[in-house]
Amino acid sequence: MLSKFASAIFDVFRRSIQVRYVTITVALSAAALVAVGGFLSLTIGNGLFQTRVEQVLQESKQASAEVQKTFTATGNTDVVALQTLVNEVIPNLEQKTANGSRKVALLRSPNQATSQFLQSPISGDLTVSDIPASLREQVAKTENKLVYRTISLESGGVLSPSIVVGSKVVIPVAGDYELYLVYDISDAQETLDFMQSTLAIGGLVMILLLGIVAYFVTRRIVAPVERAALVAEQLALGSLDQRLPERGQDVVAALARSFNRMAQSLETQIGQLSKLSKMQQRFVSDVSHELRTPLTTIKLATEMLEARVEELDPKARRALDTLVSQVARFESLLTDLLEISRYDAGAVVAEIEPNNLGDVVTLAVSGLEPLAETLGCELILKLPSRPVDADFDPRRIERVLRNLISNAIEHGAGKPVEIQVGRSKTAVAVTIKDLGVGMSRSQMDRVFDRFWRGDPARKRTTGGTGLGLAISLEDTHLHQGWLQVTSKPNQGTTFRLTLPRRVGGIFTESPLPLGEILSQRSKI
Amino acid sequence: MQKVLVVEDELPLNQQLTDLLENAGYQTMGVTDGENAFPAFQDFAPDLVLLDVMLPNKTGIEVCREIRAVSGVPIIMLTAKTEDEHVVEGLEAGADDYILKPMPSFKVLQARIEARLRPMRQSEASEIVLGPLVIDVLGHEVRRDGVRVSLTPLEFNLLQTLAEAPKQVFKREDLLKKVWGYHYDADTRLVNVHVQRLRSKIEDDPDNPKIVVTERGVGYKAGQF
């Protein structure tokens with residue numbers, strides 16, 4: 001769930017330039033603000049503290065000198081009188097001002113030969129343990145100098161930052177004492193806190209403003225790019241009349257102008273090409289049609305002559321035979337040309353209906369038995385036990401099969417030709433395998449090209465037009481199927497036709513193996 | 001001797017056709033112009049017309065309509081155009097059949113002509129009643145509510161075939177065999193177009209037929225009354 005959410009966020013980030021740039025701007029400015037703010041608050045904090053420390057030391061120096069002076073000046077050696085003096089002087093040092101309080105403690109230095117007979121006065125909310133031991137050691141070692149330390153003092157459950165300043169005080173008779181003055185500096189801390197929070201709020205507002213600014217700035221830049229992307233996509237999809245608005249003189253306008261020029265030139269060129277291509281298709285179609293009437297006349301005239309073949313001498317008979325066979329070849333060429341021109345014009349519509357591929361294969365095979373017999377070739381048909389039902393145009397698929405099988409018979413060198421039919425959940429397939437002359441790699445690459453012949457010198461029994469496989473491929477593509485071939489010189493050739501079971505059905509694998517796929521033509 | 005009118009603008013082809021037809025024992029007349037076709041038809045009164053689609057001055061389609069307006073004589077269209085509209089247009093204008101140029105051989109053309117000229121099959125019944133229609137088999141006449149409906153011989157044959165076996169569903173291929181006399185190379189559009197023409201003459205609402213009913217995915221049958 002969480003990772004899904006994260007990946008969704010990442011996806012948005014990856015897809016939208018705008019989100020990315022706004023995020024980067026905000027992140028970088030936040031980092032800069034944190035750095036600057038940190039530096040500022042550190043500097044100001046230090047300054048505040050130093051000022052306070054100096055003030056505190058100044059006050060302590062005065063206080064400690066006065067205390068020392070008072071004790072030195074007294075001539076009293078009486079314990080009670082000394083105690084009274086201590087009790088009088090020390091609590092006087094306590095202060096409660098607007099800037100914070102000052103607490104006080106007078107502690108006897110440890111490790112003295114004389115015994116303690118004075119009570120150590122200490123402010124009410126201060127305890128001896130609040131004074132750090134390390135400070136006490138330092139005070140003990142120092143003469144005539146103030147030593148300080150910062151501590152956190154707890155009073156009423158609140159920790160407040162404080163400075164402890166210690167100094168040595170010598171009391172006549174009683175010995176060495178340490179005077180500690182504890183200053184509460186929470187006022188400085190408060191000032192610092194206030195300043196820091198102001199900085200933080202200001203920073204946050206600043207980041208927010210920067211984010212908004214970045215959003216609008218990137219919007220200005222990204223919007224034309226997005227529009228260009230959209231228009232480019234529409235162009236790619238074939239709406240060649242799509243253009244970008246050209247406003248202003250900036251780089252975006254320059255992009256729009258160049259883009260529009262490119263689109264214009266594309267539209268013109270594609271228009272010209274398609275016009276040319278249409279003219280050419282039209283020409284091929286017209287030529288084929290125009291040739292049909294004279295061809296009909298020649299055919300009928302030839303038939304007339306054939307009816308009188310007995311009246312002709314052998315040479316004239318041979319001429320008549322040539323005439324008959326060449327007229328037939330001419331006719332099939334015309335038919336194939338017309339068919340190809342229909343495909344080129346996109347005028348072909350398949351009449352797809354539910355069918356049994358097994359039946360169509362059987363029909364094609366039985367139609368070619370006579371040719372196979374003439375060439376001494378055995379046709380082996382392998383059908384699955386169940387019917388191979390699929391949706392296709394039976395006339396076109398039978399034509400494809402007839403073409404593939406007659407090719408196999410012709411190039412099969414008299415060896416058996418195996419025709420196998422297979423089915424899977426998503427597809428049906430036929431393989432036509434011969435063990436004949438085969439093809440080289442380069443020949444195989446061209447096998448579906450129009451008017452291409454494997455071996456121009458080879459004698460052709462069926463008088464193929466050179467368009468058969470090109471038409472077969474078009475027929476296959478019309479069904480959104482595959483027509484593939486594999487071949488090895490002198491070992492034979494296998495063609496495999498694979499069709500989706502249902503119209504528009506998707507398949508990823510043919511139900512039958514092809515063997516080594518060396519050249520493949522499938523749906524483009 | 002049966003008479004065939006050959007309307008074909010290409011003179012050499014026209015001559016070849018008439019020669020071959022005469023060899024096959026028909027009396028022929030050749031016309032090479034669309035405008036002269038209908039007058040020639042009226043003068044010659046042929047038993048069958050071979051009609052090219054592409055003609056100068058008047059197209060074969062128009063000639064076909066002119067002839068159909070006055071006669072049910074069998075018409076076979078000759079066309080070099082294989083596009084659907086062309087063939088369907090010719091059939092809709094009233095042609096009984098069409099043959100593509102170049103035809104596989106003259107024999108194929110001859111077979112088609114003979115099929116069209118063959119006398120109508122004899123029926124056991126002399127009169128069949130199909131809903132509002134009375135089919136007079138002997139008189140080759142169809143009356144709808146007592147009014148005579150003008151059908152071409154082919155349309156009559158189609159209707160008669162369906163009416164004689166009122167429960168049977170005929171596949172298009174069966175009808176091609178029975179009515180047109182084809183045994184292979186069948187174009188089922190022939191059946192579709194002629195059923196449409198027949199319906200437009202005999203049905204109340206040709207878009208919602210009751211007499212000649214379509215059996216989806218199979219073919220046609222006579223309606224149940």
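Data for the structure
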{"quantity": "Tail weight of P(r) past 24 Å, computed on alpha-carbon pairs of segment A:324-425, percent", "calculated": "36 percent"}
{"quantity": "Cα-based helix-to-principal-axis angle, A:17-73 vs chain A, degrees rounded to 10", "calculated": "10 degrees"}
{"quantity": "4 °C / 1.567 mPa s Stokes-Einstein diffusion coefficient of segment A:22-193, Kirkwood radius on C-alpha pairs, µm²/s", "calculated": "72 µm²/s"}
{"quantity": "Projected label distance in nm at B:ARG216 and A:GLU369, using a 7 Å step from Cα toward the beta-carbon", "calculated": "3.8 nm"}
{"quantity": "Principal axis dimensions, largest first and in whole angstrom, of chain B by Cα", "calculated": "54, 34, 31"}
{"quantity": "Full-stretch length increase - A:LYS382, A:PHE117 - with 0.36 nm per residue and alpha-carbon distance subtracted", "calculated": "83.0 nm"}
{"quantity": "Space enclosed by the convex hull of the alpha-carbon atoms of the protein assembly as shown, per residue, Å³", "calculated": "359 Å³"}
{"quantity": "Kirkwood Rh in Å, taken over segment A:211-316 so that all alpha-carbon pairs contribute", "calculated": "19.5 Å"}
{"quantity": "Alpha-carbon radius of gyration plus Dmax, which is the widest Cα pair, for segment B:3-117 in Å", "calculated": "12.5, 34"}
{"quantity": "Segment A:339-439: trypsin sites (Lys or Arg not before Pro) in DSSP loop, at most 10 other beta carbons within 10 Å", "calculated": "A:LYS425"}
{"quantity": "19 Å tail of the calculated P(r), segment B:127-222, as % of Cα pairs", "calculated": "35 percent"}
{"quantity": "Reciprocal mean inverse distance between Cα atoms of segment A:353-521 - Kirkwood radius, Å", "calculated": "15.8 Å"}
{"quantity": "Nearest 10 degrees, 0 to 90: helix A:186-236 Cα axis against chain A principal axis", "calculated": "10 degrees"}
{"quantity": "Within straight-line cross-link reach of A:LYS315, aspartates and glutamates at Cα separation under 20 Å, skipping those fewer than 8 residues along the same chain", "calculated": "A:GLU303, A:GLU306"}
{"quantity": "Unit charges on C-beta of K, R, D, E only; dipole of segment A:110-165, Debye", "calculated": "200 debye"}
{"quantity": "Formal net charge of residues neighbouring A:PRO172 (Cβ-Cβ distance under 13 Å; K, R +1; D, E -1)", "calculated": "-1"}
{"quantity": "For chain B, built as a Gaussian network whose Cα springs stay under 10 Å, the top-fluctuating residue of B:PRO56, B:PRO119, B:PRO153", "calculated": "B:PRO119"}
{"quantity": "Residues whose placed amide H lies under 5 Å from that of B:VAL149, excluding near-sequence neighbours", "calculated": "B:VAL142, B:ARG143, B:ARG144"}
{"quantity": "Value of [θ]222 nm, deg cm²/dmol, for chain B, DSSP H segments ≥ 4, -39500 (n - 2.57) each, nearest 500", "calculated": "-11500 deg cm²/dmol"}
{"quantity": "Cβ-placed point charges (K, R +1; D, E -1), dipole of segment A:22-193 about Cα centre in debye, nearest 20", "calculated": "340 debye"}
{"quantity": "Volume per residue of the C-alpha convex hull in segment A:102-179, rounded to whole Å³", "calculated": "94 Å³"}
{"quantity": "FRET efficiency, A:SER440 to A:ALA31 (Cβ-Cβ, R0 60 Å, nearest 0.05)", "calculated": "0.35"}
{"quantity": "Calculated [θ] (222 nm, deg cm²/dmol) that DSSP helices of n ≥ 4 give over chain A, each run adding -39,500 (n - 2.57)", "calculated": "-19500 deg cm²/dmol"}
{"quantity": "Among A:PRO110, A:LEU237, A:VAL217 - extreme Cα towards positive end, dipole of the protein assembly as shown, charges at beta-carbon", "calculated": "A:PRO110"}
{"quantity": "Non-local Lys pairs in segment A:22-193, i.e. 8 or more apart or on different chains, that have alpha carbons under 22 Å apart", "calculated": "14"}
{"quantity": "For B:GLY219, net neighbour charge (Lys/Arg +1, Asp/Glu -1) across residues whose Cβ lies under 10 Å away", "calculated": "+1"}
{"quantity": "Dipole moment magnitude, nearest 20 debye, the protein assembly as shown about Cα centre, only Lys, Arg, Asp, Glu C-beta charged", "calculated": "1740 debye"}
{"quantity": "Environment charge of B:PRO39, counting only residues whose C-beta is closer than 12 Å and scoring Lys/Arg +1, Asp/Glu -1", "calculated": "-3"}
{"quantity": "DSSP-loop GluC sites (Glu not before Pro) across segment A:130-239, with at most 14 other Cβ within 10 angstrom", "calculated": "A:GLU143"}
{"quantity": "Zero-based 5 Å bins, Cα pair distances in segment A:29-129, whole percents", "calculated": "2, 9, 14, 17, 15, 11, 8, 7, 5, 4, 3, 2, 1, 1, 0"}
{"quantity": "Violating pairs (Cα-Cα greater than 23 angstrom) within the set B:LYS81/B:LYS201; A:LYS278/A:LYS299; B:LYS3/B:LYS107; B:LYS201/B:LYS221; A:LYS382/A:LYS433", "calculated": "B:LYS81/B:LYS201; A:LYS278/A:LYS299"}
{"quantity": "Stokes-Einstein diffusion coefficient of segment A:285-369, Kirkwood radius over Cα pairs, 25 °C, 0.890 mPa s, in µm²/s", "calculated": "152 µm²/s"}
{"quantity": "At most 10 other Cβ within 10 Å, DSSP loop - trypsin sites (Lys or Arg not before Pro), segment B:148-225", "calculated": "B:LYS167, B:ARG216"}
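Any read-out appearing in this document is the output of simple, stated calculations on the displayed coordinates, not a laboratory observation. Everything numeric here is computed off the predicted structure, so don't read it as measured data. Neighbour counts run over all protein chains shown; Cβ positions are idealised from the backbone, glycine included.
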